[in-house]
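Working notes, structure below.
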Amino acid sequence: MTLRTKVVLLALAPLLLISIAFALAMVNLADELAQRELETFENNLLRSKETALKSYVSIMRITSGYLIEKAESDEEAKRSIQELMQRMHFSEDGYFFAYTPSGVNLVHATQPGLVGMDLLNIKDNNSNYVIRNLLARATEGGGFHNYLWQKPTSRVTVDKISYVESLPPWNWMFGTGLYLDDIQQEMELIKDGVDENVADALLTFVIIALLAVMGVLIASIWFNVHEHRLADQSLKELSHKTVQLQEEERRRVSRELHDGINQLLVSVKYRIETVLGLLQESQQTLREPLLKGRETLKQAIQEARRISHDLRPSILDDLGLVAALEHLGEDFEERSGIDVSVYLQVSETKSDEDIATTLYRIAQEALYNVEKHAGARQVTLRLEQDAEGLFLEVKDDGAGFSLRRLGHGRGIGIRNMRERVEFLGGNFSVHSEEGKGTCIQVTFMG
């Protein structure tokens with residue numbers, strides 16, 4: 001075993017041990033926290049259900065009082081109240097019941113066969129006097145009682161909690177209840193979800209730990225491969241030059257991404273916002289904006305692929321600068337609703353590719369700034385060519401801005417435009433005043 005291998009193993013061993021210990025601690029802590037949260041949630045859920053039961057009983061009490069006042073006789077009032085309780089359901093297994101003070105059943109929506117029976121001495125499977133205890137709670141002014149009772153939907157005897165009160169002037173005991181197995185089922189679903197989240201978190205941690213181990217191994221292999229090259233001073237200088245070239249390439253890619261892909265994605269954003277604005281009007285109007293948004297997104301993907309290879313916008317390669325600017329103006333006018341006047345006085349001679357790309361990107365960035373910031377009604381896009389060279393102008397009648405505060409908001413885009421033009425030997429200028437619009441001019445002397 002070489003020294004380098006031993007060093008790698010010494011680096012990996014603590015990482016693995018710490019990862020395992022952390023994973024175990026995370027699982028234990030997650031289980032404890034989940035258990036406490038589930039207990040708290042179950043208690044809160046039960047309290048909320050109990051509050052709901054009291055509300056249902058209160059509504060029935062108020063409604064019964066109204067029926068008593070309205071009825072012409074006690075018999076009519078009793079009959080109306082019994083019919084109301086028989087019909088009332090607030091869930092699949094939620095119903096009302098009523099008993100006389102002596103324990104005779106008056107109302108039972110799910111078991112009408114019990115009506116008229118004396119159930120005072122009935123017991124559940126735990127030898128609990130069900131009706132007696134419910135009558136006692138009602139006599140005390142209202143309260144809860146837990147017992148076992150047959151669930152209507154499943155015909156299985158389960159835990160039930162009921163809230164009862166006394167109904168004057170006959171001192172009927174009436175109330176409603178809920179079956180606790182419903183709460184238990186809800187808690188089981190929540191617990192399954194919590195367990196699944198913990199498992200996902202643990203899996204994520206394991207994957208991260210494995211990636212870290214792989215990173216250490218890859219790093220060690222990389223150091224082994226490049227060790228002799230890095231030792232040579234001449235290769236160090238070459239590496240330094242390579243880094244400089246890479247940085248320059250990254251700057252160029254950054255400019256292209258900002259000027260190209262970002263604009264297409266922003267176009268998608270505005271089209272989707274258009275769809276959102278139409279949602280309240282008619283579903284039929286969604287198709288066209290979505291299709292245009294999809295096509296724009298396809299263009300963005302194609303543009304990304306193009307930039308990754310040769311940093312060339314596809315529309316320039318396919319149609320040329322003049323057609324590309326015409327399409328740019330038409331698309332902008334359609335998307336933004338701003339009137340665009342395009343004036344192109346350029347010979348059909350093919351322009352330098354770098355200059356054509358730069359002019360297209362400048363126009364694209366300028367129109368994006370108009371749409372986002374200017375609030376303009378009219379934009380003029382002008383491209384002219386004469387014996388001295390190419391001249392591009394993008395002018396709007398929008399809000400304008402202060403050149404002294406150029407760094408706030410628009411500074412990056414304008415700085416990128418300036419760098420692109422000056423890199424190719426052109427002249428770039430911006431003229432703007434607050435309330436008087438903006439004019440961007442680019443000149444390439446030829």
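The values are calculated or read from the model by the stated rules, or taken from the named source; none is laboratory data. This structure is a prediction, so every number in the text was calculated from the model and none was measured. Every residue, glycine among them, receives a Cβ derived from its backbone with ideal geometry; neighbour counts consider all protein chains shown. With ligands, DNA and RNA removed, areas are computed over all heavy atoms of the protein, side chains included. Shrake-Rupley method; radii C 1.70, N 1.55, O 1.52, S 1.80 Å.
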What are the trypsin sites (Lys or Arg not before Pro) within the stretch 50-158 that DSSP puts in a loop, where the Cβ has at most 12 other Cβ atoms within 10 Å?
-> R155
Which residues in the stretch 153-187 place their backbone N less than 13 Å from a point set 7 Å from the Cα of Q111 along the Cα-to-Cβ direction?
-> 153-160
Of all accessible heavy-atom area on the stretch 9-87, the percent that carbon and sulfur account for (1.4 Å) | 60 percent
Using the heavy atoms of the protein chains and a 1.4 angstrom probe, tell me the accessible area per residue for the stretch 354-393 in square angstrom.
-> 37 Å²
Semi-axes (Å, rounded, descending) of the ellipsoid equivalent to the stretch 115-173 per its C-alpha gyration tensor are 21, 13, 12
Counting only protein heavy atoms with a 1.4 Å probe and every protein chain in place, the carbon and sulfur fraction of the accessible surface of the stretch 143-207 in whole percent equals 56 percent
Ellipsoid equivalent to the stretch 1-153 - semi-axes via the Cα gyration tensor, in Å | 61, 17, 13
For L202, what charge total do you get from the other residues with a beta carbon under 12 Å from its beta carbon, if Lys and Arg give +1 and Asp and Glu give -1?
-> -4
14 Å beta-carbon shell around A30, net charge (K/R +1, D/E -1) = -4
Considering only Cα-Cα distances, which of the following residue pairs are longer than 20 Å: K292/K395; K160/K191; K49/K78; K372/K395; K54/K123?
-> K292/K395; K160/K191; K49/K78; K54/K123
